[in-house]
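This is the structure I want to talk about, given as structure tokens.
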Amino acid sequence: MSLRFIGQHDFTSKGKFVWEILSQLTSMGEGRYITNYYWNTKWPLESSYIKIIAARPKMDRWLQQGVLWGEWTFRGIPLGVYKFGNELNRSQWILVHKHEEKKLIENEKKMPKIRLPSSFPIPPLQRLLANKLSKKLEMLDKTTHTPQERALLDLCVDPQFEHLSSLFERFEPTKESSQNLNNNSIYNEVDPSNLLELLGQMFPVKIDALSSDKAYYKPLFKQKRN
């Protein structure tokens, strides 16, 4: 039977649990820096790390639970002090050695701002109805009404990107800034590289095939015929 592996690369197999690291350091690692294999793989050019301020393990049997306070720097952007809890329960953390701390901190490369439009062109059917409504209003009150062509766009940020809300920059598309403004599609006004850049150098899902032959079903047990 041909095997197929479908899913995400296992980032949790390249490091250690946070409490496994901190329990071997003086004062539970206060003042030390830890980084994440997931961050280093997807965004290797920008520095992402946590400076430990305080750590309170729950002293469970497997040293996998606890609360940690740290100064979080994500892709070169300082985000302030954060409280981490369940996010630490993965074996993908790496201790930054003291001779590597200076290089990590002094890295000046930062995550660029994500520019998104503040409005979008309304759909064709809605535009048609708006034009009809404006013509009716002109006949009633004898004044000129400009039909609606665009609507305000509110961002719905995924919880995993909430800490980056300050980096989302809004702009109003114009004919000078967008050559495709008259194509009546928001997809022509957004730079795809801005959104793909959030995914880093590795896409969240990949499919690997161990063999190129066709998959087939092979029963494990054969029924005996009398």
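The values are calculated or read from the model by the stated rules, or taken from the named source; none is laboratory data. Just so it is clear, the model here is predicted, and its values are computed rather than measured. Here the Cβ is made from the backbone with ideal geometry for all residues, glycine too, and neighbour counts use every protein chain on show.
Starting from residues that are surrounded by fewer than 16 Cβ atoms within 10 Å (Cβ to Cβ) and within 27 Å of the chain's Cα centre (by Cα), keep the ones in region 13-28 and report whichever is modelled with the highest pLDDT.
E20
Going by the structure shown, is I186 in the same structural domain as L45 (by TED's automatic domain parsing), closer than 30 Å to W43 by Cβ and among the β-branched types (V, I, T)?
no
What is the number of the single condition among (1) farther than 26 Å from S165 by Cβ; (2) not in a strand (DSSP E or B) that A55 does not meet?
Every listed condition holds for A55 apart from (2).
Let me ask something else about it. Would you point out which residue out of W62, W72 is part of a strand (DSSP E or B) and among the aromatic types (F, W, Y)?
Checking each option against the conditions leaves just W72.
Here is a yes/no grid of residues against (1) surrounded by 12 or more Cβ atoms within 10 Å (Cβ to Cβ); (2) at pLDDT 80 or above; (3) not aromatic (F, W, Y):
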| position | (1), (2), (3) |
| --- | --- |
| K132 | no, yes, yes |
| E169 | yes, yes, yes |
| E176 | no, no, yes |
| Q179 | no, no, yes |
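Now for a different question. Are any residues in region 96-127 more than 17 Å from W72 (Cα to Cα) and assigned to a loop (DSSP other than H, G, I, E, B), and if so, which ones?
Once the filter is applied, which keeps residues that are more than 17 Å from W72 (Cα to Cα) and assigned to a loop (DSSP other than H, G, I, E, B), region 96-127 yields H97, P112, K113, S118, I122, P123.
Right, next: Kindly provide the set of residues from region 156-174 that are within 15 Å of M111 (Cα to Cα) and in contact (Cβ under 8 Å) with a residue 12 or more places away in the chain, ordered by number.
F161, H163, L164, L167, F168, E169
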